[in-house]
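Rule-based calculations on the coordinates, nothing more; no lab input. This is a predicted model, so every value here is computed, not measured. Cβ sites come from the backbone with ideal geometry, for glycine too, and all protein chains shown count toward neighbours.
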Amino acid sequence: MKELLRVVGLEKRYGPGCPTCVESTGPERDTNICPWCGSVVALAAFDLEVFPGETVGIVGESGSGKSTALACIYQDLPPTAGAAYFAPFEGGARSTFEANSQERRALQMRHMGMVYQSPALGLSFHSTAGANIVERLLAVDWREVSGMRAKAGELLWRTEVPMDRLDAFPGTLSGGMQQRVQIARALANEPPLLLLDELTTGLDVSVQAGVIDLIRALQQETGAAMVMVSHDLAVIRLLAPRSIVMRLGHVVERGLTDQILEDPQHPYTQLLVSSTA
Ligand SMILES: Nc1ncnc2c1ncn2[C@@H]1O[C@H](COP(=O)(O)OP(=O)(O)O)[C@@H](O)[C@H]1O
Ligand SMILES: [Mg+2]
């Protein structure tokens with residue numbers, strides 16, 4: 001397949017489910033809670049294509065299903081329905097949701113990198129920054145300690161974390177530094193796909209600019225494709241040429257980010273754009 005990743009008909013429901021869950025929820029119904037059975041339809045009919053090396057943005061308000069989509073793609077969460085074809089996984093012949101536990105571990109450790117919105121999800125706070133990175137190197141059969149330490153140092157250098165933080169515990173680092181260590185960890189095994197969830201949310205504006213510059217540089221240097229989630233259209237505009245807009249579990253608009261900003265079609269996107277301008 002020419003895509004790196006093709007997600008088709010992804011659906012994630014929390015709750016017992018009933019035959020009318022999906023049709024009773026979504027932007028037109030103005031809710032993601034099924035009125036009949038009370039299930040939350042966090043994601044429905046979600047399609048996404050990512051080509052090698054490109055950055056795709058996912059934008060939408062809180063609760064629209066962005067993190068759920070990433071968590072399913074990263075194999076953190078089993079979807080209720082749908083498939084994801086990923087070139088490094090059997091050339092895309094089989095959905096990653098059919099992966100066994102060993103294959104799932106390889107997908108997470110080797111072929112994809114995830115940066116969680118909360119560093120507490122993405123980093124072990126009981127291990128040093130260096131050990132957090134080395135954990136991923138070990139997963140792909142690095143064995144020699146000094147080599148792994150050098151590689152961890154190089155990754156910190158690339159993500160502009162002062163080298164003397166190699167032996168620091170994440171809890172002693174600033175929020176911006178924690179996100180950089182997460183990025184370093186995600187990059188460790190040079191995966192072709194990076195998933196970034198609200199990377200800059202919660203950071204001071206001055207720190208945000210530095211992290212955005214870093215992602216720009218990594219887009220050039222690594223050639224990795226990125227799926228970048230943000231509720232902030234301004235961040236998406238800076239980093240993702242193509243994007244999708246989500247509301248209540250559904251994609252309501254997709255296309256070139258500049259075009260979406262200039263001429264939003266869906267009323268929800270119009271609202272989002274006018275509140276960003
Ligand atoms: N474990 C859960 N149980 C029930 N509902 C959940 C659970 N996790 C997420 N949700 C709901 O799923 C919807 C989508 O959540 P999420 O993907 O986190 O949105 P976003 O990342 O866009 O803010 C929200 O309505 C959220 O409350
Ligand atoms: Mg989220």
Could you list, in sequence order, the residues of the range 55-69 that are of a type in the set (S, T, Y) and either closer than 14 Å to T201 by Cβ or near ligand 1 (Cβ under 6 Å from one of its atoms) (or both)?
S62, S64, S67, T68
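Looking at the range 1-58 only, could you name the residues that are of a type in the set (K, R) and surrounded by 19 or more Cβ atoms within 10 Å (Cβ to Cβ)?
Restricting attention to the range 1-58, the residues satisfying the condition of being of a type in the set (K, R) are 2, 6, 12-13, 29.
Residues satisfying the conditions are R6, K12, R13.
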Consider L173 carefully, then state whether it is touching a residue at least 40 places away in the same chain (Cβ under 8 Å) and within 25 Å of S243 (Cβ to Cβ).
no
All but one of (1) within 26 Å of T96 (Cα to Cα); (2) within 16 Å of ligand 2 (Cβ to nearest atom); (3) assigned to a loop (DSSP other than H, G, I, E, B) hold for M228; state the number of the condition that does not hold.
(3)
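For the range 62-81, what are the residues that are outside any strand (DSSP E or B), more than 10 Å from ligand 2 (Cβ to nearest atom), in contact (Cβ under 8 Å) with a residue 60 or more places away in the chain and not hydroxyl-bearing (S, T, Y)? Show your work before the answer.
Going through the range 62-81, the residues outside any strand (DSSP E or B) turn out to be 62-80.
Narrowing the set further to residues that are more than 10 Å from ligand 2 (Cβ to nearest atom) leaves 72-80.
Still in the running and in contact (Cβ under 8 Å) with a residue 60 or more places away in the chain: 72-74, 77, 79-80.
Result: C72, I73, L77, P79.
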Odd one out for G53, checked against (1) closer than 21 Å to S243 by Cβ; (2) among the small types (G, A, S); (3) part of a loop (DSSP other than H, G, I, E, B); (4) touching a Phe, Trp or Tyr at 6+ places or on another chain (Cβ under 8 Å)
(4)
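Could you grab me the full set of residues in the range 120-135 that are within 16 Å of ligand 1 (Cβ to nearest atom) and either surrounded by fewer than 21 Cβ atoms within 10 Å (Cβ to Cβ) or of a type in the set (A, V, I, L, M, F, W, C) (or both)?
A120, L121 - these are the residues of the range 120-135 that are within 16 Å of ligand 1 (Cβ to nearest atom) and either surrounded by fewer than 21 Cβ atoms within 10 Å (Cβ to Cβ) or of a type in the set (A, V, I, L, M, F, W, C) (or both).
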Among the residues listed as V245, V273, V252, V207, the single one being under 18 Å from the mean Cα position of the chain (by Cα) and among the hydrophobic types (A, V, I, L, M, F, W, C):
V245
